[in-house]
Amino acid sequence: MSALRTRKPTGQVAWPLILVEGEEKAGKSVATYSLSRSPHVGRTFVFDLGEGTADEYAELGPYEVVEHAGTFTDLLDQLRAACAIPAVDGKPNVIIIDDASALWALLKDWASARARQSRAGKRTLAADPDAEVDVSMNLWNDAKDRWNQIVNLLRTWPGIGLVIAKGREVSKVAGGVPVAGQTEWSVDVQKTTPAAVSAWVRMRRPHTATLIGVRSLHVEVPNGGLLLPADNPLEHLIFELLGGGTGFTESLRIMPSLADMTPEDRGETPDPEAQAKAGGWDGLAQQAEAWNAVLAGVDTVVLRRLKRWKADHAKGSTVAAHTATVHARAWFAAHRQAQVARGEDPFDTEVEVEGSDGEAVDGYVRSLAEEAPDGAAAHPEQDRAGNGQQDTDPGRPFGEGD
């Protein structure tokens, strides 16, 4: 057990993450982009997610449009790059997501598409192509995890985050049934977002901004909200209401993380689709297609050995066996090709496979289960004699730590 670590509170306010939501054409983009011309801020980065206004509104201020490929992976990568830009002369940078409703719609569509492509979904659609396919909780959790990657990044960086979203009056629903004559306000983002942000601003036509909620000891929001100035609502909110007392400091928020825990520690089974995407593939199908192309040149002895090895280890975690098999097959293919390139005879007998590289594969399996004994290979990179020397072939598909 480590020693307890404590410190005195600073009394300063962390840079805010603000949700700006409201009706269509109410001025949400105008209000947020205009913050870029404030003398209190540094660079402003706008992520235009389908709105198409970032180029048109150039006269509102010296903001910069972040280019992205439209994929979640590239969006997250560019967001991390923007968060890494340091502030100059103590002026915080600003990041604007315009709009987050489009991002949440993308993630919902992703979860729905995965549900339709699942075995259960395919069976349902085979019986009725127009049938509704329910999205299971694990798929919703995957979508929320991706959403939280964006939100948590904006919560913990040392700058100002502005998340634009659509909001509107909708029919009130109780028990899945609309309540006649009653409406409620709905924001088109993941439902925990209002609780995650520092402040919540609602905009209605014509360009009226109201503070709905805020996390602050010094700002009281009356019933019905606090009306903000029409000319500079966000600059007033950030620098006069939120930071007017003690000023801001670099964010000290530290989000809890499971990064140091293995799936087994969490009592979970890894999702092969998610693992494939984490490895840089579009999904499991693309990964399998790529490795099948690699395997086309692997001799039948190796393939027989791998099939038996997979069957042996499938009695444990099926997903772990599948993932390890993909890695091992790719290594065998590259290792065999490297032997041929060096003018060596590739292993082509059952005895050689069983006695040398078979041992390396088994060492790889043990390492996946974190049960590798002292001196065992962490990866299937032992030489053909199984003596523990590392294969230094630069053409192999997996580097140290993969």
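The values are calculated or read from the model by the stated rules, or taken from the named source; none is laboratory data. These figures come from a predicted structure and were not determined experimentally. So basically every Cβ, Gly included, is an ideal-geometry build from the backbone, and we count neighbours across all protein chains shown.
Things worth noting here:
- Answer from S101, S112 - the residue that is closer than 27 Å to L75 by Cα, modelled with pLDDT of 90 or more and in contact with a strand residue (DSSP E or B) (Cβ under 7 Å, 6 or more places away or on another chain): S101
- Flag if G11 is assigned to a loop (DSSP other than H, G, I, E, B) and within 25 Å of W147 (Cα to Cα): no
- Wholly within region 102-200, helices (runs of 4 or more DSSP H) carrying at least 2 residues that are not assigned by TED's automatic domain parsing to the domain that holds Y33: none
- Odd one out for D48 among (1) touching a strand residue (DSSP E or B) at 6+ places or on another chain (Cβ under 8 Å); (2) on the phi > 0 side of the Ramachandran plot; (3) among the acidic types (D, E): (2)
- Taken over region 147-188, the criterion of being of a type in the set (V, I, T) and within 15 Å of I96 (Cβ to Cβ) is satisfied by I150, V151, I160, V163, I164.
- Pairing each residue of region 18-32 that is in the same structural domain as K191 (by TED's automatic domain parsing) with any residue that is buried (at least 24 other Cβ atoms within 10 Å of the Cβ) and of a type in the set (K, R), provided the two are 6+ apart or on different chains, yields C-beta distances under 8 Å for V20/K28; E21/K28; G22/K28.
- Where P92 falls short, out of the listed (1) over 23 Å from D231 (Cβ atoms); (2) modelled with pLDDT of 90 or more: (1)
Residue-wise test of (1) of a type in the set (V, I, T); (2) under 25 Å from D231 (Cβ atoms); (3) buried (at least 18 other Cβ atoms within 10 Å of the Cβ).
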| residue | (1), (2), (3) |
| --- | --- |
| N152 | no, no, no |
| V163 | yes, yes, yes |
| G175 | no, no, no |
| S186 | no, no, no |
| V189 | yes, no, yes |
| A199 | no, yes, yes |
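- Yes/no for V65 being closer than 30 Å to E240 by Cβ, assigned by TED's automatic domain parsing to the domain that holds Q149, touching a helix residue (DSSP H, G or I) at 6+ places or on another chain (Cβ under 7 Å) and not aromatic (F, W, Y): no
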